[in-house]
1. Can you tell me the relative contact order of the stretch 217-286? Whole percent, Cα pairs under 8 Å, sequence separation 6 or more.
2. Give the long-range amide H neighbours of CYS241: residues separated by 5 or more places, or on another chain, with amide H under 5 Å away, using H modelled in the peptide plane at 1.01 Å from N.
3. Within the stretch 134-193, report the trypsin sites (Lys or Arg not before Pro) that DSSP leaves as loop and that have at most 12 other Cβ atoms within 10 Å.
4. Each label point is 7 Å from the Cα along the Cα-to-Cβ direction; what then is the distance between the points at THR250 and ASP272, in nm?
5. In sequence order, what are the phi-derived ³J(HN,Hα) couplings for the stretch 152-165 according to the Karplus relation 6.51 cos²θ - 1.76 cosθ + 1.60 with θ = phi - 60°, rounded to whole Hz, with x for glycine and proline?
6. If the chain between LEU147 and ASN73 were fully stretched, how many nm would it gain, using 0.36 nm times the residue separation less the Cα-Cα distance?
7. Can you list residues from other chains, or at least 5 along the same chain, whose modelled amide H is less than 5 Å from the amide H of GLY177?
8. Please turn the phi angles of the stretch 260-267 into ³J(HN,Hα) values with the Karplus equation 6.51 cos²θ - 1.76 cosθ + 1.60 (θ = phi - 60°), one per residue in order, whole Hz, x for glycine and proline.
Amino acid sequence: MACPAVLIPGLLRGSVGAICAQAPLLRLTPSTLRRLTLTSVMKSIRKTDHLERTASVLRREIVSAAKVCAAANESPSVKSLRLLVADQDFSFKAGQWVDFFIPGVSVVGGFSIYSSPRLLEQERMIELAVKYTNHPPALWIHNKCTLDSEVAVRVGGEFFFDPQPADASRNLVLIAGGVGINPLLSILRHSADLHRQLANKGSGYKIGTIKLFYSAKDTSELLFKKNILDLVNEFPEKIACSLHVTKQTTQISAELKPYITEGRITEKEIRDHISKETLFYICGPPPMTDFFSKQLEDSHVPKEHICFEKWW
């Protein structure tokens, strides 16, 4: 398999330097990172693999050591990880993913970051959420990963929201299906951080309104419900959400009920938010992203205002 976007051993770098006092030093050396990365790249040849699907997508050269600091079950099928990434050269834009290298696992994972860039800046932490599948990296995360497990990560992806202070104010419509919420929650959290910064310092990017449409099978599979509603309540004039469930069989809690719609996200709901100032970000199963991106194009939304990412 030819993967010119990733076979760059001369530029791979690890991080083993000093980090915050409460965390021990990461033990992965640069040579270990290089061997781990190249072995994984050479063996990751299945057509459904992340590296092959994203071979033409831009990614950073830096491969950084990371350590698992926390893990939690976000739903019956999704597990979240909090990773310490000590490397000061490691950074990402809200919406991007990481190549996820695991010692002893030849296949490379690809997982979107759901935390905000600010969490990394302040605490050197990133957060990932991974759905259970038979794919080796997901199996490892669900069955073998423990606190202090050491892995390596590299940032990639062209799906992100990274406005600069002088950029024109934009409204955002975020459309998520299932674990497609991950990069969109990162964008939502980043937008909230930008609004806080503007309110506190009187300078920075002026964010417009944000509407999140999020669909899952049932409320147990709607990830990060509390995080989302906390932001809605913190910024009622800025952030709103519409949570959709397609196969709900249990009673919906009183707290969630005002935000829940039974049934899929509809074309009309999205069309009602079209304007010249609005950017659309879509992430979910391929049929969903294909449907909404086509509907938006048919409604004469400029292609540069439609960003989407498909997860298999």
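Laboratory data are not the source of any read-out in this text; all were calculated from the coordinates shown. All values reported here derive from a predicted model rather than from experimental measurement. Cβ atoms come from the backbone with ideal geometry, glycine included; neighbour counts cover every protein chain shown.
1. Reported as a whole number, the value is 28 percent.
2. Those lying under 5 Å, H to H, from CYS241 are LEU212.
3. Those satisfying the criteria are LYS144.
4. 2.9 nm
5. Couplings: 9, 9, 9, 7, x, x, 10, 9, 7, 10, 9, x, 9, x Hz.
6. 25.2 nm
7. Distant-sequence amide H within range of GLY177: SER215, CYS283, GLY284.
8. Those phi angles translate into 9, 10, 8, x, 6, 5, 9, 4 Hz.
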